[in-house]
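Asker: Sharing a structure here in structure tokens format.
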Protein chains: 2
Amino acid sequence: MLEALRTAAGPGNLILDREALEKYASDETEDLVFWPAVAATPTTTAQVSALMRVAHAHNIPVTPRGAGTGLSGGALPVKGGLALSLEKMNRILEIDRANLMAVVEPGVITQVLQEAVEAEGLFYPPDPASRGSCMLGGNVAECAGGPRALKYGVTKDWILGLEAVLADGTVINTGGKLLKNVTGYNLTQLLVGSEGTLAVVTKIILKLIPYPPFRSTLVATFDSLEGAAVALTKIFEARIIPCATEFMESSAIQAAAKKRGRHFPGMEAPATLLIEVDGYDRDVVERDGQRTGEVCLAHGALDVIVADSPTQQKEMWDMRRAIGEAVKGLSIYKEEDTVVPRANLPKLMRALDDIKKRHGLTTICYGHAGDGNIHVNILKMQMSDRDWAEKLPPAIREIFTEVVKLGGTISGEHGIGFVQREWLPLAMTKDEIELMRRVKAAFDPKGLLNPSKLIPE
Amino acid sequence: MLEALRTAAGPGNLILDREALEKYASDETEDLVFWPAVAATPTTTAQVSALMRVAHAHNIPVTPRGAGTGLSGGALPVKGGLALSLEKMNRILEIDRANLMAVVEPGVITQVLQEAVEAEGLFYPPDPASRGSCMLGGNVAECAGGPRALKYGVTKDWILGLEAVLADGTVINTGGKLLKNVTGYNLTQLLVGSEGTLAVVTKIILKLIPYPPFRSTLVATFDSLEGAAVALTKIFEARIIPCATEFMESSAIQAAAKKRGRHFPGMEAPATLLIEVDGYDRDVVERDGQRTGEVCLAHGALDVIVADSPTQQKEMWDMRRAIGEAVKGLSIYKEEDTVVPRANLPKLMRALDDIKKRHGLTTICYGHAGDGNIHVNILKMQMSDRDWAEKLPPAIREIFTEVVKLGGTISGEHGIGFVQREWLPLAMTKDEIELMRRVKAAFDPKGLLNPSKLIPE
């Protein structure tokens, strides 16, 4: 069997050495570690197909992975078997200016593609926080989001076609370089966000747009998220659609400020919004930035700072981007990726406040207010291991129950993967989960592709 | 069985009378007629579910339908059985200004929703040609497109969630009022465009944006489509993304002019583009309209006419909108909904020209150039029935073969339905079709929902 895998993988593409295997045993999800028996790093679709055929014949579980930056354990080889890394399939095959599209392999790092298309005056908007290290194949598998989703959508909105390998090694193509396509079921969109449980993506056709060269960035502070949420609604009513509306609790900014050893604007206020407007016309972008600030001030903002230089814009984003790591550095933590209809954010924040107080937990919240997508970081801090183990699960259940009651769901952009799947029955009915199980079986009857993910046991 | 159906449908919602059944025996696809045994017009999801349960228990084929404006036979009850019309479920349940979303039943006419949201300053962009009569449930089933797809996307890009009834009567919900959602497979997007073969949609959550109040409309004439295609590319390079780039052959405009009994701009030139730019800023829209015209003139346009009043804009659109019916009124016809990567449009047009000449056929082409989506109308004209029956199938095969060779596919926005499904093997491999069959079986193991559609026998 190993010989068959070695032949299938191609020369130098099979890894058995324990030290070399270590990087395939974890991703960025908490401190979880699951060792694969073997890893493969194929360089062609034919090799991926050959590997899947061998795995299929020998009933070997296969866990596809990109850069391993996921936050829901999607890349963890929970059942051992073969870790199938697409890292070497990292070529940008084409930047097609006439059609405004790109064709890439799954191992291309998101930011590498973005910089390559920007050099041609083009734009690929999805910008997950990990864009400097995550890979487009993983973005497709997880349907990665990010701050720009409000205006530009998430990964799925930019994927026009895929080449993928099924569990039995069959290579399929879905979609194409086509802006309109109703030929057959939309398997492209079914595969996006399927977390590597239905097929292994080996090629991606992406949509691009002209690069919007102008941006106006501002920070607005509020005495509560309710205030910030009202201002957001008023911004939309003024027919401005920002490309980012990032929400941060003061504790989030303070953690970032401490980590960076500096002061950040907005760090004293209970709630802060970082808002950015972008576009193709300098005057309009500047005017919309000004108007956005005015709307905030007219609707309860304590203060508004409009960045007056690219340096200041960069500082504002540096603050936002420092938060994730800073918060996670404070303590052992558990992050929940809640999402609700935008207008229900204030209700969610009040409910979270209540839940954390009742359970004696520390939380820090930040995220994408315009999308209703708030990352709730629950911090262990000084709590005993026993208390943490006892208090956390019921608190999470209460949070998710509240989220669903507010019309939301349990993951906006991080995925279900391994760590959230047992919570899925809070968000979906038995019938819906059963239907997903049948869809999974239609693609992978033996259940070998990324087992123990997305669907509860 | 009839009694069970009658009870399930609800009072007054079951139709057996042959005269009343007639409207459920056809749609707008050529002159095809298939009679259902019975039709139902339920008013609630519970009634739809009850009907599906009865049909499932008695193995009755069910063909869901909206307004019957489809062009691929999706609403034809090919196997008889029950025609399930959603026409009475026609309420706009909510226009949610805070979240910029709407919740509607499937029987709402597209234009009715558009006008309702426009009255609130909001915008639902998808605009299939039949928007005055087609229903949103049908738009979802077919993933309807239209001229604005280039800038705003097609129906799928505006659908955030669905309530749907499975073949056995199970009611499921997918998605929600959420801009980000990675909880489970994207069943919403699998259902959009599934042509009523996977489930019956009973509720739709749509995304809205602020209404763009300004538009600039122009007509540019060219001596060939190649010229028009080059100009289009230059428009994108100038960072202008028009909301429509409609292509018309001179014969298409002449048919429209004859029907309307008037002269239209561009009717003497071999190729005409109707281009529209829209947006939130009057100056930018006006300037982009002017720049678009200048780019066209700098890249081969014979003439450019920028509409100087809403009346003239309306006239230009009247020309475009008159074409479909005018062309179809000329003769018995067969319409193919070809789509290729935009940059390959000139090659497609040359190939079409060659094919029609070799087969001695008359064609008139028009469509959405920016999307690479061209409707090829093949006209019988004076050809004998025998010649028509003999020449048409090999010509269609050649057209579709060429389309696929150019990276395109056999339907951009009309769907596969009943009339295109036997051509599907030209566009998809056996493995891909087999996979779709398994997906269909995951939803509808008995094969009762809209049988004889989308997947070849």
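Asker: For the list (1) open to solvent by less than 50 Å² (accessible area, probe 1.4 Å); (2) modelled with pLDDT under 95; (3) not in a helix (DSSP H, G or I), I need the number of the one condition that A:Met319 fails.
Answerer: For A:Met319, the failing item is (3).
Asker: State whether the residues of region A:269-280 include one that is within 14 Å of chain B (Cβ to nearest Cβ), within 16 Å of A:Val376 (Cα to Cα), open to solvent by less than 10 Å² (accessible area, probe 1.4 Å) and among the β-branched types (Val, Ile, Thr).
Answerer: no
Asker: Taking region A:217-276, which residues are among the β-branched types (Val, Ile, Thr) and over 17 Å from A:Leu297 (Cβ atoms)?
Answerer: Passing the criteria: A:Ile241, A:Ile253.
Asker: While we're here: Taking the condition within 14 Å of chain B (Cβ to nearest Cβ), surrounded by fewer than 22 Cβ atoms within 10 Å (Cβ to Cβ) and not in a helix (DSSP H, G or I), does A:Gly407 pass?
Answerer: Yes.
Asker: Right, another one. Looking at B:Ala427, B:Ala395, which is the one that is away from chain A (no Cβ under 14 Å), touching a strand residue (DSSP E or B) at 6+ places or on another chain (Cβ under 9 Å) and more than 27 Å from B:Ile275 (Cα to Cα)?
Answerer: B:Ala395
Asker: Mind checking which residues of region B:122-150 are open to solvent by less than 20 Å² (accessible area, probe 1.4 Å), over 17 Å from B:Met89 (Cα atoms) and in contact (Cβ under 8 Å) with a residue 24 or more places away in the chain?
Answerer: B:Leu122, B:Phe123, B:Tyr124, B:Pro125, B:Pro126, B:Pro128, B:Cys143, B:Ala144, B:Gly145, B:Gly146, B:Pro147, B:Ala149
Asker: Let me ask something else. Exactly one condition in (1) surrounded by fewer than 22 Cβ atoms within 10 Å (Cβ to Cβ); (2) at the interface with another protein chain (Cβ under 10 Å from one of its Cβ atoms); (3) out of contact with any His (no Cβ under 8 Å at 6 or more places or on another chain) is false for A:Gly184; which is it?
Answerer: The number of the failed condition is (1).
Asker: Just for region B:29-70: of the residues that are at pLDDT 95 or above and of a type in the set (D, E, K, R), which one is surrounded by the most Cβ atoms within 10 Å (Cβ to Cβ)?
Answerer: Here the answer is B:Arg65.
Asker: Which one of these is more than 14 Å from B:Leu218 (Cβ to Cβ) and open to solvent by 30 Å² or more (accessible area, probe 1.4 Å): B:Asp354, B:Asp303, B:Asp308, B:Asp337?
Answerer: Selected residue: B:Asp354, the only one of B:Asp354, B:Asp303, B:Asp308, B:Asp337 that is more than 14 Å from B:Leu218 (Cβ to Cβ) and open to solvent by 30 Å² or more (accessible area, probe 1.4 Å).
Asker: Sort out which residues of region B:217-236 are open to solvent by less than 30 Å² (accessible area, probe 1.4 Å), more than 14 Å from chain A (Cβ to nearest Cβ) and either more than 12 Å from B:Arg342 (Cα to Cα) or of a type in the set (Lys, Arg) (or both), and write them in order of number.
Answerer: B:Thr217, B:Leu218, B:Val219, B:Ala220, B:Thr221, B:Phe222, B:Gly227
Asker: Inside region B:101-147, can you point out the residues that are small (Gly, Ala, Ser), in contact with a Pro (Cβ under 9 Å, 6 or more places away or on another chain) and assigned to a loop (DSSP other than H, G, I, E, B)?
Answerer: B:Gly121, B:Ala129, B:Ala144, B:Gly145, B:Gly146
Asker: So in region A:148-174, with the set limited to residues that are of a type in the set (A, V, I, L, M) and not in a strand (DSSP E or B), which one is farthest from the other protein chains (Cβ to nearest Cβ)?
Answerer: In this case the residue turns out to be A:Ala167.
Asker: Check whether at least one residue in region A:208-216 is of a type in the set (A, V, I, L, M, F, W, C), surrounded by 20 or more Cβ atoms within 10 Å (Cβ to Cβ) and under 23 Å from the mean Cα position of the chain (by Cα), and report yes or no.
Answerer: Yes, that holds for at least one residue.
The values are calculated or read from the model by the stated rules, or taken from the named source; none is laboratory data. On a predicted model such as this, the values are computed, not experimentally measured, just so you know. Every residue, glycine as well, gets a Cβ built from its backbone with ideal geometry; the counts of neighbours run over all protein chains shown. Each accessible area value is taken on the protein alone, full model and side chains, heavy atoms only, with ligands, DNA and RNA left out. Shrake-Rupley method; radii C 1.70, N 1.55, O 1.52, S 1.80 Å.
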